[in-house]
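Taking it in order: structure first as C-alpha cells, then the write-up.
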Amino acid sequence: MRIVDICEFYAPEGGGVRTYVHAKLRAAAAAGHDMTIVAPGAADHVAVWPDGGRIITLKSPPLPFDRRYGMFWNTAPVHALLDDLQPDVLEASSPWRGAWVAASWRGNAVRSLFMHHDPLSAFAYRWFDAMAPREAIDRQFAWFWRYLQRMCAQYDTIVCAAPSLSARLKQGGIERTVTLPMGVDAGVFSPDLRDDDIRAGLLALCNLRRDATLALAVGRHTPEKRWPLVIDACTRVAADHPLGLVLIGDGHQRGKTLAHIGDNPHVYAMAPVRDRPLLARILASGDLLLHGSAAETFGLVAAEAGASGLPLVLPDMGAAHDLAHDDHCETYTAGDRKSAADAIRRMLGRDQTALRAAAAARATSARTLDEHFAELFAHYQTASRWPQGIAA
C-alpha cells in the first residue's frame with residue numbers, strides 16, 4: 001500500500017507523535033508499504049528516512065503558542081503533493097486544519113482519521129472538571145461535538161489508540177470508530193535495565209541520598225501535562241517522606257514550570273532524553289512514575305514506564321488510566337493535587353518488593369508498537385477494498 005499521513009502534530013523537536021511517526025516509518029518499510037509523512041515546517045523539504053519512507057515538510061506558518069509546530073494554512077500545496085503521490089490510504093492525524101485539508105482532496109483513497117489529539121480533554125475538561133460533571137461540560141460544548149461529527153463524517157474510518165476515547169467518540173455520535181492500541185518499542189524497555197548508579201545520580205540532583213524515593217515524570221511542558229499538580233503532589237509527600245522528583249521534558253511553558261519549582265531543592269527539571277536506550281535505563285531506575293495528564297490519546301509515557309517495571313500513579317480519567325492495574329498502580333482524581341499526593345502515599349505504604357515484582361511481571365506482557373502497526377496496516381488493507389465514497 002501507498003500510505004500518506006497528513007501529520008499536523010509532527011515536529012523534529014516534538015514528543016509522543018514524533019516517536020510514533022519514526023516508528024511507523026520503520027514498521028511500514030519492514031512490512032513492504034510505501035509511507036510518506038507530510039508535515040508543516042519552516043521550509044519545503046524532503047527527508048528520505050534511512051529505513052524507508054520519507055518525511056516531507058511544506059512551508060507553513062508556525063503556531064503562535066508553540067512555534068515548534070505549524071499549521072497547514074494553504075490547501076493547494078498539500079493537494080498538489082497528494083496528486084503526485086496518489087495514496088491508497090490517506091491519513092490525517094489531528095481534528096483541526098489538517099483533517100479538513102486531507103478530507104477535501106478529490107483523489108481516490110481510503111481516508112483515515114487517527115485521533116492523536118483529544119481536544120475536550122486537553123481544554124474543556126481540564127478547565128471545568130472541578131466545576132461540573134463531564135455530561136454538563138459536554139452539553140456546553142455541544143457545538144464542538146457537532147463540529148467533530150461533521151469532520152469525522154468525511155472519513156471512512158476513525159482510529160483511536162485507547163478504548164476510553166473510542167467509547168466517548170461513539171457516545172458523541174462518531175461512527176466507524178475502531179480501537180487499535182499503541183505500544184512500546186520492542187526490546188527497548190525492560191525492568192532488567194535498572195541501574196542503581198543512575199538512580200543515585202538522579203537522587204543526588206534532587207539533593208537526596210540513595211535511601212530516598214525517586215519519582216519520575218516525563219512529557220512536554222504544556223498546560224495539559226499539569227506539571228504544577230505533579231510538583232505540588234510530590235512536594236506534599238516530601239514534607240514527611242524523603243522523595244525526589246525528576247521532570248524530563250521541554251516545551252513552550254518550561255519557564256513557568258521552573259518558576260513553579262522555585263527554590264525547591266528536591267525537584268529537578270531535566271532536558272528531554274532523545275536517546276531511547278538511555279531513557280529506558282532511567283525509567284527502569286525510578287521508584288514510581290507520577291503522571292499528570294488526563295488528555296492523552298494513548299499514554300505512551302505510562303506504557304513505556306510500565307514496560308520498564310515502574311509502578312505507576314495515574315489520573316482516574318484519560319487514556320493513561322486504561323493502562324492501570326491494581327497490582328502495581330495507584331490512581332487519583334484527575335486534576336486534584338491532594339488526591340495525587342494521597343495516591344503516592346498509598347504507593348509508598350505498600351510492600352515495595354511485592355510492588356516491583358508485580359510491575360516487572362506486567363512488563364513482560366507489554367504491548368509493542370510492532371503489534372499495533374501490524375493491526376493498523378491489516379485494517380487499512382481491509383479498508384482499501386471497501387467501496388469508495390462510503391463516508392457521508
| said: Can you list residue pairs whose Cβ atoms sit under 6 Å apart, with the first residue in segment 251-271 being closer than 18 Å to residue 233 by Cβ and the second being small (Gly, Ala, Ser) and assigned to a helix (DSSP H, G or I)? Count only pairs 6 or more apart in sequence or on different chains. | reply: 266/238
| under 29 Å from residue 239 (Cα atoms), in contact with a strand residue (DSSP E or B) (Cβ under 9 Å, 6 or more places away or on another chain) and of a type in the set (Asp, Glu): does that describe residue 316? | yes
| field | Any chance residue 354 is farther than 27 Å from residue 228 by Cβ, in contact with a His (Cβ under 8 Å, 6 or more places away or on another chain) and assigned to a helix (DSSP H, G or I) | value | no
| said: Looking at (1) crowded, with 21+ Cβ neighbours inside 10 Å; (2) at pLDDT below 95, which one does residue 51 not meet, given that it meets all the others? | reply: (1)
| task | Among the numbered conditions (1) touching a Gly at 6+ places or on another chain (Cβ under 7 Å); (2) farther than 16 Å from residue 41 by Cα; (3) surrounded by 23 or more Cβ atoms within 10 Å (Cβ to Cβ), tell me where residue 89 comes up short. | result | (1)
| Test result for residue 379, assigned by TED's automatic domain parsing to the domain that holds residue 155 and either touching a strand residue (DSSP E or B) at 6+ places or on another chain (Cβ under 7 Å) or crowded, with 22+ Cβ neighbours inside 10 Å (or both) | yes
| Among the candidates 345, 362, residue that is crowded, with 19+ Cβ neighbours inside 10 Å and charged (D, E, K, R) | 362
| task | Go through segment 3-12 and count every residue that is in contact with a Pro (Cβ under 8 Å, 6 or more places away or on another chain) and either within 19 Å of residue 62 (Cβ to Cβ) or surrounded by fewer than 24 Cβ atoms within 10 Å (Cβ to Cβ) (or both). | result | 1
| said: Can you pull out every residue in segment 161-193 that is within 27 Å of residue 274 (Cβ to Cβ), of a type outside the set (A, V, I, L, M) and within 20 Å of the chain's Cα centre (by Cα)? | reply: 181, 183, 185, 187, 189, 190
| query | Does at least one position in segment 188-202 carry a residue that is assigned to a loop (DSSP other than H, G, I, E, B), of a type in the set (Val, Ile, Thr) and crowded, with 20+ Cβ neighbours inside 10 Å? | reply | no
| query | What is the number of the single condition among (1) in contact with a Cys (Cβ under 9 Å, 6 or more places away or on another chain); (2) part of a strand (DSSP E or B); (3) of a type in the set (A, V, I, L, M, F, W, C) that residue 347 does not meet? | reply | (2)
| In segment 93-133, which residue that is under 14 Å from residue 160 (Cα atoms) and at pLDDT 90 or above is surrounded by the most Cβ atoms within 10 Å (Cβ to Cβ)? | 113
| said: Being of a type in the set (Ser, Thr, Tyr) and in contact with an Asp or Glu (Cβ under 6 Å, 6 or more places away or on another chain): is that true of residue 331 here? | reply: yes
| said: Looking at (1) at pLDDT 95 or above; (2) under 19 Å from residue 291 (Cβ atoms); (3) in contact with a helix residue (DSSP H, G or I) (Cβ under 6 Å, 6 or more places away or on another chain), which one does residue 373 not meet, given that it meets all the others? | reply: (2)
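Each row is one residue, and each column tells you yes or no for (1) buried (at least 21 other Cβ atoms within 10 Å of the Cβ); (2) touching a Pro at 6+ places or on another chain (Cβ under 7 Å); (3) modelled with pLDDT under 95.
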residue	(1), (2), (3)
235	no, no, no
242	no, no, no
245	yes, no, no
251	yes, no, yes
260	no, yes, no
267	yes, no, no
| Within the group 228, 277, which residue is under 19 Å from residue 332 (Cα atoms), in the same structural domain as residue 320 (by TED's automatic domain parsing) and surrounded by fewer than 18 Cβ atoms within 10 Å (Cβ to Cβ)? | 228
| query | What about residue 300, is it surrounded by 22 or more Cβ atoms within 10 Å (Cβ to Cβ), under 20 Å from the mean Cα position of the chain (by Cα), closer than 23 Å to residue 211 by Cβ and of a type outside the set (D, E, K, R)? | reply | no
| Would it be correct to say that residue 310 is in a strand (DSSP E or B) and crowded, with 20+ Cβ neighbours inside 10 Å? | no
| task | Could you pull out every one of the strands (runs of 3 or more DSSP E) wholly within segment 9-106 that has 1 or more residues that are of a type in the set (A, V, I, L, M) and either closer than 27 Å to residue 184 by Cα or in contact (Cβ under 8 Å) with a residue 60 or more places away in the chain (or both)? | result | 34-41, 45-48, 54-59, 89-92
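Residue by residue, here is whether (1) part of a loop (DSSP other than H, G, I, E, B); (2) touching a helix residue (DSSP H, G or I) at 6+ places or on another chain (Cβ under 7 Å) holds:
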site: 215; (1), (2): no, yes
site: 232; (1), (2): no, yes
site: 236; (1), (2): no, yes
site: 240; (1), (2): yes, no
site: 252; (1), (2): yes, no
site: 255; (1), (2): no, no
site: 268; (1), (2): no, yes
site: 274; (1), (2): yes, no
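The values are calculated or read from the model by the stated rules, or taken from the named source; none is laboratory data. Because the structure is predicted, anything quoted here is derived from the model rather than measured. For neighbour counting, all protein chains shown are included, and Cβ atoms are generated from backbone atoms with ideal geometry for every residue, glycine included.
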